[in-house]
Amino acid sequence: MKSDEADTLHASEPPDVSNPCSLPRKWLLDADHPVIADIDDDQDDDDQDDDDLDELSKEVIENLKARGYNQTQIADMYGVTRQAVSWHLRTYGGRRSVRQIVGESWPWETSTGHDKAVAYRYVRDHAEYVVTGGEGMGVDKLTRLRSWHKRMRGDNLVVEFDPSFPPLKGVAAGGGFRYVPRVEADGDLLIRVNEFTTLVEGSEWLWSWPVDG
């Protein structure tokens, strides 16, 4: 079933998601309240759950270190950042899934309905990608995420959350999220830190541009 947040670009023929450069870009900018709409393509709420897929674990890391590998080499081996390796060791000891790791560092107090927002799902998928380097993520999910990265970088945008934001087609059918132009204070973050944002200590890397981004 298609989400209410399905991109209006799908009104005729669906775009070729295998070629992000071919996607139309009918975005709306409100001069008084800068909000980018219709940025996102369709996402199925039944995306493959990656929690049960093989992931980098504390045991694997410790085994490799015992064989002489350092954390940078292990990160390169798994296609993740060195911070991701440290995260597994220090914070969660490899006992929790990537989805759980991301959830416990989630920067917003979201409620029922917010998790159906396209913007919410892209931020969640982005954090999972930063942790795993894409390992265990479906091809379709990665294609959509890379397209989103391309558009976010190309139009210099960040995601902002505020529970008072009204519904916005293609972004958040239930409200709460919008895209806004990046400002200097955003740094490398893909999210806007405002009064409704709490960054767990040491978690900034989860919400920043990936090394290969």
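Observations
- Test: residue in the stretch 61-77 that is modelled with pLDDT of 75 or more and of a type in the set (Asp, Glu): yes
- Qualifying residue in the stretch 159-179 (condition: of a type outside the set (Ser, Thr, Tyr) and more than 18 Å from residue 115 (Cα to Cα)): no
- The stretch 134-165, residues that are under 13 Å from the mean Cα position of the chain (by Cα), surrounded by fewer than 19 Cβ atoms within 10 Å (Cβ to Cβ) and of a type in the set (S, T, N, Q): 143
- Residue list for the stretch 166-213, restricted to those being charged (D, E, K, R) and touching a helix residue (DSSP H, G or I) at 6+ places or on another chain (Cβ under 8 Å): 169, 178, 192
- Cβ-Cβ contacts under 8 Å between residues 6 or more apart (or on different chains), taken from a first residue in the stretch 188-212 that is touching a residue at least 40 places away in the same chain (Cβ under 8 Å) to a second residue that is among the hydroxyl-bearing types (Ser, Thr, Tyr) and surrounded by fewer than 18 Cβ atoms within 10 Å (Cβ to Cβ), are listed as 191/197; 202/91.
- Subset tally (residues that are part of a helix (DSSP H, G or I) and either surrounded by 19 or more Cβ atoms within 10 Å (Cβ to Cβ) or not acidic (Asp, Glu) (or both)) for the stretch 104-133: 17
- The residues of the stretch 171-203 that are charged (D, E, K, R) and surrounded by 15 or more Cβ atoms within 10 Å (Cβ to Cβ), listed by number, are 178, 182, 186, 192.
- Those residues of the stretch 156-165 which are in a loop (DSSP other than H, G, I, E, B) and touching a Lys or Arg at 6+ places or on another chain (Cβ under 9 Å), in sequence order: 156, 162, 165
- For the stretch 118-129, the count of residues that are in contact (Cβ under 8 Å) with a residue 24 or more places away in the chain, among the small types (Gly, Ala, Ser) and in contact with a Phe, Trp or Tyr (Cβ under 8 Å, 6 or more places away or on another chain) is at least one.
- Residue identified as crowded, with 19+ Cβ neighbours inside 10 Å and over 20 Å from residue 104 (Cβ atoms) among 206, 168: 168
- Residues of the stretch 166-213 satisfying the condition of being assigned to a helix (DSSP H, G or I) and of a type in the set (D, E, K, R): 184, 186, 204
- Subset of the stretch 107-143 [modelled with pLDDT under 90 and within 17 Å of residue 170 (Cα to Cα)]: 113, 115, 116
- The requirement of being modelled with pLDDT of 95 or more, in contact with a Lys or Arg (Cβ under 9 Å, 6 or more places away or on another chain) and over 21 Å from residue 56 (Cα atoms) is fulfilled nowhere in the stretch 167-177; no residue meets it.
The values are calculated or read from the model by the stated rules, or taken from the named source; none is laboratory data. Computed from a predicted structure; not experimentally measured. Note: ideal-geometry Cβ built from the backbone for every residue, glycine included; neighbour counts use all protein chains shown.
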